[in-house]
Structure formats: structure tokens, C-alpha cells
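Trainee: Got a structure for you, written out below as C-alpha cells; questions coming shortly.
The values are calculated or read from the model by the stated rules, or taken from the named source; none is laboratory data. Bear in mind the structure is a predicted one, so any value in this text is a computation, not a measurement. As a convention, Cβ positions derive from the backbone with ideal geometry for all residues, glycine included, and neighbour counts pool all protein chains shown. Remember, those area values only see protein heavy atoms, side chains included, never the ligands or the DNA or RNA. Shrake-Rupley method; radii C 1.70, N 1.55, O 1.52, S 1.80 Å.
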Amino acid sequence: LRPIKLEDWEHFKNLPTHSPEIWQYSLVAIQNQEDLKKYFESAVEARNAGTAYAFIVLDKLTASFVGCTRFYDIQLQFQTTQLGYTWYSKEVWGTKLNAHCKFLLLQFAFEQMGCKRVEFRADNDNKRSIAAMQKIGCTVEGVLRSHLPRPDGTRRDSIILSITKEEWEQKVKSLIKNQIA
């Protein structure tokens, strides 16, 4: 993981046309290179505004850039943040890469930022993403009905999951370590 830079979009410029399913459940329509560049611009702007902090994901095994993830809705005064806007190239789907990234991000959130809670949200229809969050120890809290607009104009139900600091210390940290061992 490393902080995202605007020019990083170029590492993924072929994904909108070659792997459109990556953004099937995204709140942001990414259909071409211009959309992808705007996505990266908005991630950098959010970091500069202090409302989010995005990272690019480098797969050390292949020495290739494979995705992005970010902290957002950072509320240090309440010791909470959300973790999301995560997407990966299809080549790393089903590998240990997501667990590795989540371990590093959660460790940082709980042990450096001082968070007491990290929240995750997803489109309730995105079963693969929900399964990945539950696999790393997230607890389902509920569903916000008709929560946010999708790029196609319909509305999605958003599932909310979370990990608390106590859960991190008591079970989640070791759970993820075992997954990535």
C-alpha cells in the first residue's frame, strides 16, 4: 500500500474496457479512461481536504499495481472511520491480497489512528464483497434501505458491517493473520 497519486490512474487505464465488472456495484460510473482519471482526481482532492485517504495497492509477488482502497468519513474526534472504495484487478480476486491489505489498514486504524470502530459498507447485492468482509471478521449491523443512488439511477440498499477495537484485539487480528500466513 502507498498513498495514491493522480498519475496512478494510468496503471489501470485499460480496466474500464477490459474489466467493467470491477465497478458493477460501485457508486461511481467508470466506463472509460476519463471516468477513471476523474476517480483518481477525486481521491486526491478528498485526501487534500482531509476527508479521506486513498491508497494504491501493489502486488509484491507480480510487482504490478492491482487496485485501490481508502479510509473515508474519517472522524478522529469520534475515533471512527470507514474503510472502502476498494477494488482490485480480477487477477487477484480470490487471493490473499485483500486480507493482507485489510490487515495493514485495520492495524493502522486501531493501533496508530486510535480508532475504536471501523465501518464497512457495500451494495447489499454485492455478495462477493460482503463475503470477503465477513471472512475477515466484520459483523453485519444492518441494511440501509434505498440508501444511495447507483450510476444507472436506481437506488441501492447498503449493508453496514463493522469491526470494533475490542474485536480487533480479541479475535480479528489473529483471524486475519491466520488467513495470510
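Trainee: Just to be sure I understand the filter: pairs with C-beta atoms under 7 Å, separated by 6 or more residues or on different chains, first member in region 90-116 and basic (Lys, Arg), second member at pLDDT 95 or above and outside any helix (DSSP H, G or I). Which pairs pass?
Mentor: Between residues of region 90-116 that are basic (Lys, Arg) and residues that are at pLDDT 95 or above and outside any helix (DSSP H, G or I), the close pairs are LYS102/ILE136; LYS116/GLN79; LYS116/THR80; LYS116/THR164.
Trainee: Hey, among ALA122, ALA131, which residue is touching a helix residue (DSSP H, G or I) at 6+ places or on another chain (Cβ under 7 Å), within 25 Å of VAL28 (Cα to Cα) and not β-branched (Val, Ile, Thr)?
Mentor: ALA122
Trainee: Right, something else. Would you check which residues across region 136-156 are assigned to a strand (DSSP E or B), among the charged types (D, E, K, R) and over 22 Å from THR80 (Cβ atoms) and list them?
Mentor: Of everything in region 136-156, those that are assigned to a strand (DSSP E or B), among the charged types (D, E, K, R) and over 22 Å from THR80 (Cβ atoms) turn out to be ARG145, ARG155, ARG156.
Trainee: Let me ask something else about it. So in region 111-158, with the set limited to residues that are of a type in the set (Ser, Thr, Tyr) and surrounded by 18 or more Cβ atoms within 10 Å (Cβ to Cβ), which one is farthest from THR69 (Cα to Cα)?
Mentor: Result: SER158.
Trainee: Would you say GLN107 is open to solvent by 80 Å² or more (accessible area, probe 1.4 Å), more than 14 Å from the chain's Cα centre (by Cα) and over 24 Å from PRO20 (Cα atoms)?
Mentor: The answer is no for GLN107.
Trainee: Could you please tell me which pairs satisfy a Cβ distance under 9 Å, a separation of 6+ or placement on different chains, a first residue in region 118-132 that is within 17 Å of GLN82 (Cα to Cα) and part of a strand (DSSP E or B), and a second residue that is among the charged types (D, E, K, R) and open to solvent by 40 Å² or more (accessible area, probe 1.4 Å)?
Mentor: That search, which allows pairs on different chains as well, returns VAL118/LYS165; GLU119/ASP73; GLU119/GLU141; ASP123/ARG150; ASP123/ASP157.
Trainee: Related question: Could you go through region 71-88 and let me know if any residue there is in contact (Cβ under 8 Å) with a residue 60 or more places away in the chain, in a strand (DSSP E or B) and on the phi < 0 side of the Ramachandran plot.
Mentor: yes
Trainee: May I ask you to list pairs of residues, at least six apart or on different chains, whose Cβ atoms are under 8 Å apart, with the first in region 1-27 being closer than 20 Å to ARG128 by Cα and the second being open to solvent by 70 Å² or more (accessible area, probe 1.4 Å) and small (Gly, Ala, Ser)?
Mentor: none
Trainee: In addition: Of these, VAL28, VAL57, which one is under 14 Å from the mean Cα position of the chain (by Cα) and assigned to a strand (DSSP E or B)?
Mentor: Exactly one of VAL28, VAL57 is under 14 Å from the mean Cα position of the chain (by Cα) and assigned to a strand (DSSP E or B), namely VAL57.
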